[in-house]
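Beneath this line is the structure, given in structure tokens, with notes to follow.
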Amino acid sequence: MSNHKFLNLPAERSDPQTSRYLILPIPYEGTVCFLSGTARGPEAVLSVSDQMEHFDEELLIDFTQRGIATLPPIPSANTPGEEFERIYSTVKQYDFFRTGQFPIILGGEHSVTPPIVRAAAEVYEDLSVLQFDAHADLRDSYTGGRYSHASAMRRVLDWTTHLVQVGIRSFSEEEYRDCPERIQHILTPKMLTENRTEYCNRILCGLTEHVYLTIDVDVFDPSIAPGTGTPEPGGLDWLQVTGLLRTICTTKKVVGADIVETMPLGGCNVITEFLTARLASKIIAYTS
Ligand SMILES: [Mn+2]
């Protein structure tokens with residue numbers, strides 16, 4: 001399906017056996033309820049990635065030095081339950097959490113996250129999850145059932161006890177009132193603007209030593225990331241998100257990440273694909 005590799009790196013810097021970083025495309029969109037197109041996200045992100053520099057402008061390092069391999073996309077299953085099992089078993093086969101390689105999953109819709117978290121939590125008993133998102137995604141079930149994208153974080157809680165939600169600005173009354181106390185949630189963009197230090201402290205206090213990152217691109221303001229299924233106004237900007245990521249990556253042991261819900265708009269508007277590719281490179285640079 002895909003001929004594109006992340007950054008189109010030469011073979012010696014993209015060998016899956018020796019690379020520290022593994023890009024894993026999961027072009028799944030089985031439970032989408034509004035705009036569709038996230039299945040085309042991973043391929044679009046990979047195809048624009050070779051336009052990027054390999055030198056990080058902030059840290060002044062070549063972030064490709066430790067190798068970045070692009071794995072074949074996981075073909076989509078027929079049902080949400082089968083998709084969960086397929087992603088989980090594929091991750092177990094690669095076994096990257098055990099080998100110490102760092103996966104960056106490209107979605108696809110947000111329901112790809114829970115099976116990855118399950119595999120990670122089997123290796124890191126204390127695993128916590130840091131979610132960047134506009135939506136709480138805490139419903140116990142939604143139109144697609146228990147594995148719906150709108151239940152992604154509820155399913156994550158089946159496998160880990162610690163979850164911190166950042167950038168959230170859309171949730172139901174039920175999600176707000178019935179939220180388990182163990183979740184540090186509803187850290188809204190407004191709170192970050194008002195007091196960044198307190199905001200950072202609340203994130204760090206809610207996380208354990210080993211952290212998995214899940215980033216829904218709708219955490220960004222739609223003006224800088226318009227290509228997503230459910231854009232919400234009032235989102236974070238690029239420097240806010242990358243600033244928080246840098247703090248987390250240098251304070252905690254981040255063991256993997258996914259970037260989901262990128263939906264190519266087509267034509268010349270590649271803003272969101274490009275932002276997604278840059279975000280992946282930032283995570284690599286910050287954890288190098
Ligand atoms: Mn979302």
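The values are calculated or read from the model by the stated rules, or taken from the named source; none is laboratory data. Just so it is clear, the model here is predicted, and its values are computed rather than measured. Here the Cβ positions follow ideal geometry from the backbone for every residue, glycine too, while neighbour counts run over all protein chains shown. When the accessible area is computed, the model is the full protein with side chains, heavy atoms only, and any ligands, DNA or RNA have been set aside. Shrake-Rupley method; radii C 1.70, N 1.55, O 1.52, S 1.80 Å.
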Which far-off residues, 5 or more places away or on another chain, put their amide H under 5 Å from the one on residue 163, with H placed in the peptide plane? 129, 184
Contour minus Cα-Cα distance for residue 60 and residue 239 (0.36 nm per residue): 62.7 nm
Taking a ≥ b ≥ c as the square roots of the eigenvalues of the Cα gyration tensor of region 15-287, is the shape rounded (a/c under 1.5), prolate (a/b larger than b/c) or oblate? rounded
Ranking request for peptides 55-65, 131-141: highest mean number of other beta-carbon atoms within 10 Å first, then the rest in descending order. 131-141, 55-65
Find which of 132, 117, 274 sits farthest along the positive direction of the dipole of the chain, computed with +1 on the beta-carbon of Lys and Arg, -1 on that of Asp and Glu, about the Cα centre. 117
When the charge dipole of the chain is computed with +1 at the Cβ of Lys and Arg and -1 at the Cβ of Asp and Glu, the Cα pointing farthest to the positive end, of 215, 265, 285, is that of 285
Carbon-plus-sulfur fraction of the accessible area of region 15-287, 1.4 Å probe, in percent? 50 percent
Can you tell which of 141, 94, 176 lies farthest toward the positive end of the dipole of region 93-186, using +1 and -1 charges on the Cβ of basic and acidic side chains (Lys, Arg; Asp, Glu)? 94
Order these peptides, 15-21, 156-162, by their mean beta-carbon neighbour count within 10 angstrom, highest first. 156-162, 15-21
In Hz, Karplus ³J(HN,Hα) per residue of region 283-288 (6.51, -1.76, 1.60; θ = phi - 60°; x = Gly, Pro): 4, 5, 4, 5, 9, 6
Mean-position separation - Cα centroids, region 42-99 and region 233-288, in angstrom: 13 Å
At a threshold of 8 angstrom on Cα-Cα distance, excluding pairs fewer than six apart, so keeping six or more, what relative contact order does region 15-287 reach in percent? 24 percent
So how strong a dipole does region 15-287 carry about its Cα centre when Lys and Arg Cβ are +1 and Asp and Glu Cβ are -1, to the nearest 20 debye? 400 debye
For residue 76, project a label point 7 Å along Cα to C-beta. Then give me every residue of region 247-270 with its amide nitrogen under 18 Å of that point. 259-266
Average accessible area per residue (Å²) across region 159-288 - probe 1.4 Å, nucleic acids and ligands excluded: 40 Å²
Share, in percent, of DSSP beta bridges within the chain that are antiparallel, nearest 5: 5 percent
